[in-house]
Each structure stands twice: as C-alpha cells, then as structure tokens.
Amino acid sequence: MNEMTQTPAQATPVLPDAQTVTKVTHWTDELFSFRVTRPASLRFRSGEFVMIGLMGDPDPRTGRAKPILRAYSIASPAWDDELEFYSIKVQDGPLTSRLQHVKPGDQIILRPKPVGTLVHDALLPGNRLWFFSTGTGFAPFASLLREPETWENYDEVIVTHTCRNVADLEYGRRTVEALRADELIGELIGDKLKYYPTTTREASPTVGRITERLRDGSALADLGIDGISPGTDRAMVCGSLAFNHEMKEVLEGFGLEEGANSDPKHYVIEKAFVD
Ligand code: A2P
C-alpha cells in the first residue's frame, strides 16, 4: 500500500471541535485547572457551561472511537481570549482519569454550545450578590468574579467556598487574590468583595459547612451582615447535589425564590458537574 491509498484508520485522526491546551496547573492530587484555545465563533455568558472531552478508545468490533464528553463550567470570563476549566481527578473516572494527564499542545474536544442558569440574566436587580460553592463548584464563580457586570450591578459581592482541606481552597483563593491586580476588574471592585472560605476536615481560620454557619448565624456574624432578604440579596449556588438541596432550603428559609433565564428571581442553582 502506498501513501495515496492509506486508510483513514492509519491517518492522524482529526478531532471534531478540537481545541488546543495552552496551560495546565495541578493544585492537589485531586484538583487541576487548564486553559484551552477559544473557538473564534464561541460567544457565552459568564457562568455558563459547555461539553468538553476526549476521544474514547476505538470499539474493538467496529474500530470506531466515540468522544467521552462531560459538562464543565467555563471558569474564565466571557471577555477572555482563552477558556479555563477547573476539574477534579477521578482515578477510575471515564473522562478525568485521562483528562488529568493533558499537557500544553494536546487537543481536547469542545462543543461550542454554552448553556446554564448561573447567569446575571436569571436574577432580578439587587444590592448584594452571594456566590455559594463547594469543591469544583467554584468554577462558574471564577468566571463571574472576573465579569465586569458582577461589579457594576452590585454594591457588595460575597463569595463562599467550602472544601474538605485547606489545599482544596487554593485555586479559589488565588483567583480572588488576582482580582485586585486585574487590569479590567481591579478598579471596579473597590471594597465590594468579601471572601469567606471554610474547611470541614482540616483546621483553618473558619471551620464548618457554610450551610451550618448560615443556620447558626455565625457566617452572617463573621461577615457583619444582619440578615439575608429578598429585598436586597441575590445568590448563585454551585456544588454537590446534597449541598445544592440544603442551600435551597436555607435560602428559601430567608424568603428568596429560585429564578431561571426565562423567569429571573432571587437565587439560581446549578450542580457542579463532573463527579
Ligand atoms: P464535609 O466534609 O462535611 O462532607 P466533597 O469533597 O464531598 O464534594 O465535599 C466538598 C465540601 O462540601 C466538603 O467540605 C463537604 O463537607 C461539603 N459538603 C458536602 N455536602 C454538603 C452539604 N449537604 N451541605 C454543605 N456542605 C456540604
């Protein structure tokens, strides 16, 4: 067989919707973030998610491979030239067992159809915006914290992040820290930002689940806030299903109602996807 008659199986595979990895940061044995090129045609609202993934192994019977895709919040803001993602590493997970090994220059698949409810359009105007997250649920807030609209629309922005250990907070802590130095965002922030990280399995300045600290009043006392009310407060929630469920109860206990793109209200909720 000469080169002209080479079969497709022998040719270098061309991935559909391929994007190139530009940077990878490993935060812990279980957490990493990475950046990829952005398709020129991709428009999204800060806080939305897309499907990303890798090609699976070829089916031994047909010889054909299918993509393994999962929903990932875009962790970079809508204005960024590249796209950032924040992920756990599950050692036997179909996607993250492999995705954790990507390096700059590698390709991933990205379906350019952004969707999601953690967007400004799904909230009514308010004075104070809360971002409540656990684990990799911080990702959409990494996007929204770098979105000018967040700072233009609110007098106060409070970001809470609950993780098991101190090292799990690092990606969020660095993102928050970098905001003040950001060319675009730094000036808008002023003294509007409050960052409230808590750990549940390791000692840190603030220990305990945010849900418990809201119920017993200690989070509000620490933050110097009298109460949460539908007249002033708006919230976005992103974490595990159990966390989201409890936060829904807590926020509704304060009288907030859940909104959607088509029906903006006081709070919105979305599951942190890959688990
Ligand atoms: P905990 O250590 O008490 O389970 P995970 O790593 O399991 O996704 O959890 C991330 C963080 O979210 C942990 O600090 C965990 O606390 C916390 N968490 C898990 N479930 C809930 C919940 N229902 N309400 C509040 N926090 C939760």
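The values are calculated or read from the model by the stated rules, or taken from the named source; none is laboratory data. As the structure is a prediction and not an experimental result, all values here were calculated from the model. Here Cβ is always computed from backbone atoms with ideal geometry, including for glycine, and neighbour counts include all displayed protein chains. What goes into the accessible areas is simple: the full protein's heavy atoms, side chains included, and nothing from ligands, DNA or RNA. Shrake-Rupley method; radii C 1.70, N 1.55, O 1.52, S 1.80 Å.
Is it true that H120 is under 25 Å from V250 (Cβ atoms) and away from the ligand (no atom under 16 Å from the Cβ)? It is true that H120 is under 25 Å from V250 (Cβ atoms) and away from the ligand (no atom under 16 Å from the Cβ). Right, Q100: over 16 Å from the mean Cα position of the chain (by Cα) and farther than 18 Å from L31 by Cβ or not? Answer is no for this residue. Among the residues making up region 233-256, a single one is open to solvent by 50 Å² or more (accessible area, probe 1.4 Å) and in contact (Cβ under 8 Å) with a residue 60 or more places away in the chain: S240. Being within 26 Å of P114 (Cα to Cα) and loosely packed, with under 13 Cβ neighbours inside 10 Å holds for only one residue in D191, D226, D263, and it is D263.
Among the residues making up region 194-207, a single one is under 18 Å from the mean Cα position of the chain (by Cα), within 12 Å of the ligand (Cβ to nearest atom) and open to solvent by 20 Å² or more (accessible area, probe 1.4 Å): P197. Screening the candidates I210, I269, I225 for the property of being near the ligand (Cβ under 10 Å from one of its atoms) and within 25 Å of L169 (Cα to Cα) yields one hit, I210. Among the residues of region 233-258, those that are within 10 Å of the ligand (Cβ to nearest atom) and of a type in the set (A, V, I, L, M) comprise L241, A242, M247, V250. Since N261 meets every condition but one in (1) closer than 30 Å to L31 by Cβ; (2) within 16 Å of the ligand (Cβ to nearest atom), which condition does it not meet? If we test N261 against (1) closer than 30 Å to L31 by Cβ; (2) within 16 Å of the ligand (Cβ to nearest atom), just (2) comes out false.
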